[in-house]
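The values are calculated or read from the model by the stated rules, or taken from the named source; none is laboratory data. Model, not experiment: these values are computed from the prediction. Every residue, glycine among them, receives a Cβ derived from its backbone with ideal geometry; neighbour counts consider all protein chains shown. Side chains are part of the model used for accessible areas, which takes the heavy atoms of the whole protein and leaves out ligands, DNA and RNA. Shrake-Rupley method; radii C 1.70, N 1.55, O 1.52, S 1.80 Å.
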Amino acid sequence: MSRAVLQPSQQKLAEKLTILNDRGLGMLTRIYNIKKACGDPKAKPSYLIDRNLESAVKFIVRKFPAVETRNNNQQLAQLQKEKSEILKNLALYYFTFVDVMEFKDHVCELLNTIDACQVFFDITVNFDLTKNYLDLVVTYTTLMMLLSRIEERKAIIGLYNYAHEMTHGASDREYPRLGQMIVDYENPLKKMMEEFVPHGKSLSDALVSLQMVYPRRNLSADQWRNAQLLSLISAPSTMLNPAQSDTMPCEYLSLDTMEKWIVCKSYCISSVLCRGSMHRERRKFLRSALKELATVLADQPGLLGPKALFVFMALSFARDEIIWLLRHADNIQKKSTDDFIDKHIAELIFYMEELRAHVRKYGPVMQRYYVQYLSGFDAVVLNELVQNLSVCPEDESIIMSSFVNTMTSLRVKQVEDGEVFDFRGMRLDWFRLQAYTSVSKASLGISDHRELGKMMNTIIFHTKMVDSLVEMLVETSDLSIFCFYSRAFEKMFQQCLELPSQSRYSICFPLLCTHFMSCTHELCPEERHHIGDRSLSLCNMFLDEMAKQARNLITDICTEQCTLSDQLLPKHCAKTISQAVNKKSKKQTGKKGEPEREKPGVESMRKNRLLVTNLDKLHTALSELCFSINYVPNMVVWEHTFTPREYLTSHLEIRFTKSIVGMTMYNQATQEIAKPSELLTSVRAYMTVLQSIENYVQIDITRVFNNVLLQQTQHLDSHGEPTITSLYTNWYLETLLRQVSNGHIAYFPAMKAFVNLPTENELTFNAEEYSDISEMRSLSELLGPYGMKFLSESLMWHISSQVAELKKLVVENVEVLTQMRTSFDKPDHMAALFKRLTSVDSVLKRMTIIGVILSFRSLAQEALRDVLSCHIPFLVSSVEDFKDHIPRETDMKVAMNVYELSSAAGLPCEIDPALVVALSSQKSENISPEEEYKIACLLMVFVAVSLPTLASNVMSQYSPAIEGHCNNIHCLAKAINQIAAALFTIHKGSIEDRLKEFLALASSSLLKIGQETDKTTTRNRESVYLLLDMIVQESPFLTMDLLESCFPYVLLRNAYHAVYKQSVSASA
């Protein structure tokens, strides 16, 4: 055949091989998606499972590829109704099969052309031509075999064609050939064996050329080890020498790819079946080799220039072993299970990712090296080779001259300026040149100039190091195959987390999800969403599981530390003190031989370094896992950015929140709760552990504290769950203060605490242990100003409900109280009016309850002030100074704003802003402001005239030891003052005038009981007298001079003398 007929440049072998290989991959992707859809009942075309079309489908498949529409109207009647929908919905499937047929035609034509041209194939010389030829054969073979495995192919093609004929009156023009192809490839292996007989010589030549490459790549781990493969430090003197080979692209050619090429050979099949142990040893070797390589390159990234070949060889070798293991994961032989389960696979993948990261990070370093290499060495050597060619046709001469010129023009400054390089045209020209020089009658035969081929292959590798590093990484280390092995992928991840020594490499699994999109193809855009969603869900799941595992480890460490902190609580020192006292007094207590209690801190004493505690193991496991979480700041998966540290932060916030609430140990049934001081100790121990996490991971733990602890100062957290603020507020109101109302607990001003009273039914808790100064300060530390404000608002709500009831009692007695208000100087008339009053005891009891609540709030406010004075002393002093210097003539609204600020800082105020707000909300629409004001005045009258009745109560006796009364009536002083201040602030009345009126009425009423002779009525007269002194001492609006004008001080002095004398005699 003449050169004119089969001129290489006119056949465009290089272009056709490039295009058909790319299209073949696209067709494989589309056919695979059709097969997958047909195998899924949810994604399967509805016409294939429609019962109404079942008989028609069976008929079409039975007659396929024949078309008979005339005599089968009954079977095809339903098809007639849905023909338009069938044409619309099955078009994508049908024309995909048509595309496969056209692809087959083009492949067969190209293979025939190659045979006719008697193309020379040698993987070591014309690498691109040989590789693309073999790839095309494998792609074509795979495609036809996959096509034959779609069981519904006849039904889909037949349904579409019948619908087409019913619509247009004739079969689709492609249908006869397509139908025949489907029938021909019923047995694809047999058909292709016949089909490839003419192509046997070309295919054999190409495969035989692998005999120099395949055996060298298929060595055992011992042979690799003896050759010190991939080692940079085995020969220090040659460390800077460039890694060279006559067959550069073959060095990192995938073993998996080569095995696909030669899979028909019997020796290859037999070797695959029984080499699990060999692959296991290879993986073991590669783990150490890649670790060494990654470590050296991290320290000396400049070596990426001369040793780039080693990096890509390492990546390719490792990927081959991982893919082999993955494909055999579901076909494990029972006798050699260990060979097919590798618990250390994560380590190998991690070192691959580390090498990939080095290449991406130090790409400019490699560019600088190879730009100089191409211009300073490659261009010179290639020019000499071209000059020494005996024959060089014009076309070939032009191409090779352009190679030399392109390389000679390269400068390092281009790299420094960030110029984008593109050598794709040069590589395609070399591909074309391979095609021109590989045909049988080429003037310049590459088979006669092997040195030129090998040199150009090396140059092509060097150009890829300049402009195609990302593509090289995909070519040598892409593991997107994991996308199709989800079960094995997840199993490997779980094995990695379960093994503490491997958990540091667990980040490689989310990183692999970044590979998935590289397996998509533009010919199958619908697959992008499926694979993208899978990559996102898997990445999210992996990062979430890693964070959960770290969170669980941190929680276990926190539990251990909380236990150790608990040992230091004051309650545990009693036994130690008791033992010391007994030892000093030489008293022998307890059983002989009783072991001495270990003191806190013993766990830190180590007799030897081999002793490993549970806490040591937890810290080790945590440090390993945190290394993985901290390995990358973020990763991009399908245009979504994932931040591993944020997963940990989120889980820590959730767990910290649950732990704080859990550590309160609140039991709603028994109303038990942890003491604030103990909870604070546990929270601080927890926070200390969390702060130490910053040593492992670069996260802002302060942000976690702020988010969690600020939420705990609110009634509900961001998830709508109860917080420690709501739990403690509920407990103090519903448990402690309720027991005070029931008479089981009293407020002791001398101790500034609530104390249990001796009763028949002992309480389950000791009130003092929850309300003394240290506990209230701990509560303030935990709840903070916001939480304490919520506590105050809750207390005020209870007070407002009591005031509402008091107002109702006033309304019931309004006439009598109105008369009493103006008759306090008429003793007989007052006595008569008093007898007409109802619910006197109820008024005093409710006022006492209000006083108790206000006393508790006073403790809470004082504790808050103490805590804030430690944390923000300058700010607190400024607020205090501001409050103390409000001019008396200041507008009340402005003054209330200052009081609100002061109250938030825990400072006491003349008028309680929280109480004013609570009582303001009670204003009734049906009652005029004047009437409201009158009720407020009469309430104070009611309380004043009721005080004498307290003297008859046995429990009203004043105790100097506690500076109060056991029935809490000393709390009336606070209640009267603060209720009066709040009510008359709301109604814009004079607080001082109203309290003077109250004092006059109270004094008059109490002086009357001095004249009583009934001992029962005057049992605790002196104790009740003292209430007047307490009211004046508590009030910022009343003075002792005013009291002296109403109530002789001599009576107060005598009263104090009497109660102290009575107290001494009672104790004696």
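Every residue, every condition in (1) aliphatic (A, V, I, L, M); (2) in a helix (DSSP H, G or I), yes or no:
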{"residue": "472", "(1), (2)": "yes, yes"}
{"residue": "475", "(1), (2)": "no, yes"}
{"residue": "487", "(1), (2)": "no, yes"}
{"residue": "492", "(1), (2)": "yes, yes"}
{"residue": "496", "(1), (2)": "no, yes"}
{"residue": "501", "(1), (2)": "no, no"}
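Just one of the numbered conditions (1) without any contact (Cβ under 8 Å) to a residue 60 or more places away in the chain; (2) more than 60 Å from the chain's Cα centre (by Cα); (3) surrounded by 16 or more Cβ atoms within 10 Å (Cβ to Cβ) is not true of residue 1015: (3).
State all residues of the range 179-193 that are closer than 30 Å to residue 159 by Cβ and either outside any loop (DSSP other than H, G, I, E, B) or of a type in the set (S, T, N, Q) (or both); if no residue qualifies, say none. It would help to see each step written out before you state the result.
If we filter the range 179-193 for residues that are closer than 30 Å to residue 159 by Cβ, which is where we start, we get 179-192.
Selection gives 179, 180, 181, 182, 183, 184, 187, 188, 189, 190, 191, 192.
Restricting the first member to the range 722-736 and to residues that are under 10 Å from residue 661 (Cα atoms) and open to solvent by 20 Å² or more (accessible area, probe 1.4 Å), and the second to residues that are at pLDDT below 95 and not in a helix (DSSP H, G or I), the beta-carbon pairs closer than 7 Å and six or more apart or on different chains are 722/716; 727/664; 727/666; 727/673.
Screening residue 279 on (1) open to solvent by 30 Å² or more (accessible area, probe 1.4 Å); (2) out of contact with any Lys or Arg (no Cβ under 9 Å at 6 or more places or on another chain) shows it passes everything except condition (1). Which of (1) surrounded by fewer than 18 Cβ atoms within 10 Å (Cβ to Cβ); (2) within 35 Å of the chain's Cα centre (by Cα); (3) more than 20 Å from residue 351 (Cβ to Cβ) does residue 441 not meet, given it meets every other one? So the condition that residue 441 fails would be (2).
Summed over the range 877-889, the residues that are open to solvent by less than 70 Å² (accessible area, probe 1.4 Å), in a helix (DSSP H, G or I) and within 14 Å of residue 909 (Cα to Cα) give a count of 2. Residues of the range 338-356 include none that is within 29 Å of residue 471 (Cβ to Cβ), modelled with pLDDT of 95 or more and surrounded by fewer than 17 Cβ atoms within 10 Å (Cβ to Cβ).
Looking at 219, 229, 240, 159, can you tell me which residue is in contact with a Leu (Cβ under 9 Å, 6 or more places away or on another chain), buried (at least 18 other Cβ atoms within 10 Å of the Cβ) and in a loop (DSSP other than H, G, I, E, B)? Let's see the steps before the verdict.
On the way: 219 fails: buried (at least 18 other Cβ atoms within 10 Å of the Cβ); 240 fails: buried (at least 18 other Cβ atoms within 10 Å of the Cβ); 159 fails: in a loop (DSSP other than H, G, I, E, B).
Result of the check over 219, 229, 240, 159: 229.
For the range 780-793, the set of residues classified as open to solvent by less than 50 Å² (accessible area, probe 1.4 Å) and over 30 Å from residue 842 (Cβ atoms) consists of 780, 782, 783, 784, 787, 788, listed by residue number. With the structure loaded, tell me whether residue 1032 is closer than 24 Å to residue 911 by Cα and crowded, with 20+ Cβ neighbours inside 10 Å or whether it fails that test. Yes, satisfied. Answer yes or no as to whether residue 886 is touching a residue at least 60 places away in the same chain (Cβ under 8 Å) and either out of contact with any Phe, Trp or Tyr (no Cβ under 6 Å at 6 or more places or on another chain) or not β-branched (Val, Ile, Thr) (or both). Here the answer is no, as residue 886 does not meet what is asked. Only one of the numbered conditions (1) at pLDDT below 90; (2) of a type in the set (Gly, Ala, Ser); (3) farther than 25 Å from residue 300 by Cβ is not met by residue 235, and that is (3). Does the range 794-804 contain at least one residue that is more than 25 Å from residue 911 (Cα to Cα), open to solvent by 30 Å² or more (accessible area, probe 1.4 Å) and either acidic (Asp, Glu) or in contact (Cβ under 8 Å) with a residue 12 or more places away in the chain (or both)? No. Look at residue 644 and say whether it is closer than 20 Å to residue 505 by Cα, touching a Phe, Trp or Tyr at 6+ places or on another chain (Cβ under 8 Å) and open to solvent by less than 40 Å² (accessible area, probe 1.4 Å). The answer is yes for residue 644.
Being touching a Ser or Thr at 6+ places or on another chain (Cβ under 7 Å) and not aliphatic (A, V, I, L, M) narrows it down to one of 834, 824, so name that one.
On the way: 834 fails: touching a Ser or Thr at 6+ places or on another chain (Cβ under 7 Å).
Result of the check over 834, 824: 824.
Only one residue in 458, 437 is in contact with a Phe, Trp or Tyr (Cβ under 9 Å, 6 or more places away or on another chain), in a helix (DSSP H, G or I) and either free of Cβ contacts under 8 Å to residues at least 12 places away in the same chain or hydroxyl-bearing (Ser, Thr, Tyr) (or both), so which one is that? Unique residue meeting the criteria: 437. Evaluate the following for residue 490: is it open to solvent by 50 Å² or more (accessible area, probe 1.4 Å) and either of a type in the set (S, T, N, Q) or over 30 Å from residue 325 (Cα atoms) (or both)? Criteria not met by residue 490. Whether a residue is assigned to a helix (DSSP H, G or I), under 19 Å from residue 936 (Cα atoms), open to solvent by 20 Å² or more (accessible area, probe 1.4 Å) and not basic (Lys, Arg) was assessed, and residue 1000 passes this test.
I want to confirm something. Restricting to the range 610-643 and keeping residues that are among the acidic types (Asp, Glu) and part of a helix (DSSP H, G or I), which single residue is farthest from the chain's Cα centre (by Cα)?
To start, the set of residues in the range 610-643 that are among the acidic types (Asp, Glu) comprises 616, 624, 639.
Imposing the further condition that a residue be part of a helix (DSSP H, G or I) reduces the set to 616, 624.
Details: 616: 26, 624: 18 Å.
For the range 610-643, the residue satisfying everything is 616.
Being out of contact with any strand residue (DSSP E or B) (no Cβ under 7 Å at 6 or more places or on another chain), among the hydroxyl-bearing types (Ser, Thr, Tyr) and buried (at least 21 other Cβ atoms within 10 Å of the Cβ) is the filter here; which residues of the range 811-857 pass it? Across the range 811-857, the qualifying residue is only 848.
Could you say which residue among 371, 381, 386, 365 is closer than 30 Å to residue 116 by Cβ and of a type in the set (A, V, I, L, M, F, W, C)? Spell out how you get there, then give the answer.
Values: 371 fails: closer than 30 Å to residue 116 by Cβ; 381 fails: closer than 30 Å to residue 116 by Cβ; 365 fails: closer than 30 Å to residue 116 by Cβ.
After ruling out the rest, the residue left standing is 386.
Can you tell me which residues in the range 196-206 are open to solvent by 20 Å² or more (accessible area, probe 1.4 Å) and closer than 19 Å to residue 127 by Cα? Lay out the reasoning, then the answer.
Here is the first cut: in the range 196-206, the residues open to solvent by 20 Å² or more (accessible area, probe 1.4 Å) are 196-198, 200-201, 203-205.
Answer for the range 196-206, where residues must be open to solvent by 20 Å² or more (accessible area, probe 1.4 Å) and closer than 19 Å to residue 127 by Cα: 201, 203, 204, 205.
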